[in-house]
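Accompanying notes for the structure given below.
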Amino acid sequence: MDLIGGLSSRVRRNPCGVALVSGDRSITYGELWARVTEHARDLQDAGIRRGQRVLIPMGNSIEFALAYYSTMAAHAVAVPVNPTFRRDELRAIMADCRGVAIVMAHPSSSALREAVEGASTRFGAIVMARGSTWEFATTGSCDGTGQHTNDGGSADPADDDLTEQGVDVIIYTSGTTGRPKGVMLTGAGLAANALSFGKAIGCEEHDVHLAVLPMFHSFGATVALNMPLLTGGRAVIAPQFIPAAIARLAVASGSTVLAGVPTMLLSLTVDRGVDPAAFRGLRACISGGAALPQDGFDAFEAKFGIRISEGYGLTEASPVVSVNPVGSGVKRGSVGIPIPGVTVRIVDEMGADALTGEAGEITVGSPGVMTGYFGNHGETSAVMDGAWLRTGDIGRVDSDGYLYVADRAKDMINVAGYKVCPREVEEILRLHPAVQDAIVVGRPDPLRGETVAAHVAIRPGMAVDAAELASFCRRRLANYKTPTQVVLCDSVPRDGAGKPLRRAIRAADRGARGGQSPHPQSSEG
């Protein structure tokens, strides 16, 4: 069963049940299905055929859901895109996926309009979504049969390839480790992942899901849209994340499930405008997308009386791999147990299975594992080992089957042959009362290969010097793990999912060494 089949099944079971709520608008399962099938016919009538890519640069809304499912119902490939991207970022994705159509919200940003106007491939159909109404503007880039082509040339052979592979969605990675890549996912894999995750956290038809995660992201698409609908629940859509507004929405909607990234959950914790009673109705609170500091668990639970279930996943796995059971089954520091249908192996550098408790690379096998990166066989072969996905993450599994993630393999710091996990050093730095956030990277060293460099954001109104923080770490870590450079700054860079942008830190370091340092204070030792 794919996503469209799963949605159709839910419609037949409860056509009058409310599926989506956004502001003062709501749409039942039956109404959602009617709109999806109508817009799917519209796309087909406009000449969109199997396997062709339809870009969807929209934020959280009923319109996004309609575009997402309608594209798949038309047997085309949905390409969700962050609508806040800059013009050149949008153009790069448009060119890479060779999209033939685009569905935009009305009104749309100037960057998006400029990107469409200057795209290297012409769109055969441009759709403006006004509520539940679609307005088509055909640009004339069709061949004589009504089928769309790229740049007026012959039909794209990738269309048939994607159809044969069962690809329904392409999601572009955040690019924190390099150029964004189009992750090809099947509708069957996405449906299996959503249903398995729902089973893992006990979702039922009466659940009300507070949809705060961006739906154009793999995590948001699964836990804020696909999972609620395939399990028969209701998704209450938040168009943007404002802590006090989210708290009020939770109360008004009677939300029972909340999933967010650490920055969201921590913002709810520290915002004085958020009533501690606002989330009293929650039975499950899920954190994913990045590591949640241990003190974050304590602060959230102390304020709201709710235990966070941390999970783990990646876009290439559709995306959920594991999650802590809701309630008493939570193990602090762990990202939980693999969800049903997902198998996790920890392998050593030779590809052999590691012993229980031993660290190694996390590899994943499941129906949700991607078919590959669009148009990038080299990158695909680098991470696929047969049917197994090599995540590039270092982790271990304990005797109870709980998974622990140590760090990104490619972010490991090699100090004279000793491996250092940046996250370990970051967690120590965050224990200091003056530290708000920290990102640790490796710095090239002519003698030791690399040394540890820490970029630290200090809490407002507090003071500490770099030498004190280095000494603080030295008292808690082996010498080779202790930062030899501590840079104090107002903030450290993270992406929209809360992941540390280590590449940006490294680039800033290289620039600082070649010229004037952009940071107000640093210390080396």
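The values are calculated or read from the model by the stated rules, or taken from the named source; none is laboratory data. Because the structure is a prediction, the values reported are computed rather than measured. FYI the Cβ positions are ideal-geometry reconstructions off the backbone, even for glycines, and counts take in every protein chain you see. When the accessible area is computed, the model is the full protein with side chains, heavy atoms only, and any ligands, DNA or RNA have been set aside. Shrake-Rupley method; radii C 1.70, N 1.55, O 1.52, S 1.80 Å.
Rounded to whole Å, the principal axis extents of the Cα atoms in the chain read 70, 52, 47, largest first. Were the residues from Arg283 through Ala34 laid out at 0.36 nm apart, the gain over their Cα-Cα distance would be 86.4 nm. For the range 477-493, putting each phi into the Karplus relation 6.51 cos²θ - 1.76 cosθ + 1.60 with θ = phi - 60° gives couplings of 9, 4, 4, 5, 8, 6, x, 8, 9, 10, 10, 8, 8, 6, 7, 10, x Hz, in residue order, rounded to whole numbers and with x for Gly and Pro. With R₀ fixed at 45 Å, the C-beta to C-beta distance from Asp275 to Asp385 puts the FRET efficiency at about 0.35. Is the C-alpha gyration tensor of the range 385-497 telling us rounded, prolate or oblate? Criteria: a/c under 1.5 is rounded; beyond that, a/b larger than b/c is prolate, otherwise oblate. It is prolate, given that a/c is not under 1.5 and a/b is the larger ratio.
Per atom type, the chain shows carbon and sulfur on 50% of its accessible surface, probed at 1.4 Å. When each of the peptides 192-199, 41-48, 471-478 is scored by the mean number of other C-beta atoms lying within 10 Å of its residues, the order from highest to lowest reads 192-199, 41-48, 471-478. The calculated P(r) of the range 403-460, using every Cα pair and 5 Å bins from 0, goes 4, 20, 25, 21, 16, 10, 3, 1 in percent. Accessible surface computed residue by residue for the range 366-502, with neighbouring protein chains in place and a 1.4 Å probe, gives 44 Å² per residue. Kindly report the accessible area of the range 1-88 per residue (heavy atoms of protein chains, probe 1.4 Å, no ligands, DNA or RNA), in Å². Dividing the accessible area of the range 1-88 by its residue count gives 38 Å².
Shown is the FRET efficiency for Arg503 and Arg332, computed with R0 = 25 Å from the Cβ-Cβ distance and rounded to the nearest 0.05: 0.30.
If you take the Cα centroid of the range 191-225 and the Cα centroid of the range 318-369, the two points sit 19 Å apart. Using a ≥ b ≥ c from the Cα gyration tensor of the range 60-144 (square roots of the eigenvalues), is it rounded, prolate or oblate, where a/c under 1.5 gives rounded and otherwise the larger of a/b and b/c decides, a/b for prolate? Rounded shape, in that the Cα axes give a/c under 1.5.
Coordinate range of the alpha-carbon atoms in the range 320-384 per principal axis, descending: 44, 25, 18 Å. I need the calculated FRET efficiency for the pair Ala252 and His206, taking r as the beta carbon distance and R₀ as 22 Å, to the nearest 0.05. After rounding, the FRET efficiency stands at 0.85. For Asp445, the residues whose amide H sits under 5 Å from its own are Glu450, Thr451, ignoring neighbours fewer than 5 places away on the same chain, with H placed 1.01 Å from N.
For trypsin sites (Lys or Arg not before Pro), the sites in the range 78-113 that DSSP calls loop and that have at most 16 other Cβ atoms within 10 Å are Arg86. Using a Debye calculation, one point per C-alpha and no hydration shell, please list log10 I(q)/I(0) for the range 261-355 at q = 0.18, 0.20 Å⁻¹ in order. Here the Debye-derived log intensity ratios amount to -0.85, -0.99.
The helix-based estimate of mean residue ellipticity at 222 nm for the chain, built from -39,500 (n - 2.57) per DSSP H run of four or more residues and divided by its residue count, is -8500 deg cm²/dmol to the nearest 500.
With loop defined by DSSP as not H, G, I, E or B, and exposure as at most 15 other Cβ atoms within 10 Å, which is the longest segment of the chain clear of exposed GluC sites (Glu not before Pro)? The reported range is 1-203. Each peptide among 494-506, 5-17 gets the average number of other Cβ atoms lying within 10 Å of its residues, and from highest to lowest they stand as 494-506, 5-17.
Can you give the local net charge around Val397? Use residues other than it whose beta-carbon is closer than 11 angstrom to its beta-carbon, Lys and Arg +1, Asp and Glu -1. Residues close to Val397 contribute a combined charge of -2. Where in the range 344-369 is the amide nitrogen less than 20 Å from a point lying 7 Å along the Cα-to-Cβ axis of Lys199? Inside the label zone: 344-345, 364-369. Protein heavy-atom accessible surface, 1.4 Å probe, per residue over the range 219-364: 37 Å². Dividing the radius of gyration of the alpha carbons in the range 283-439 by their Kirkwood radius gives 0.98 for Rg/Rh. For the range 468-473, 3J(HN,Hα) computed residue by residue from phi via the Karplus equation (6.51, -1.76, 1.60; θ = phi - 60°) reads 5, 5, 4, 5, 4, 5 Hz, glycine and proline entered as x.
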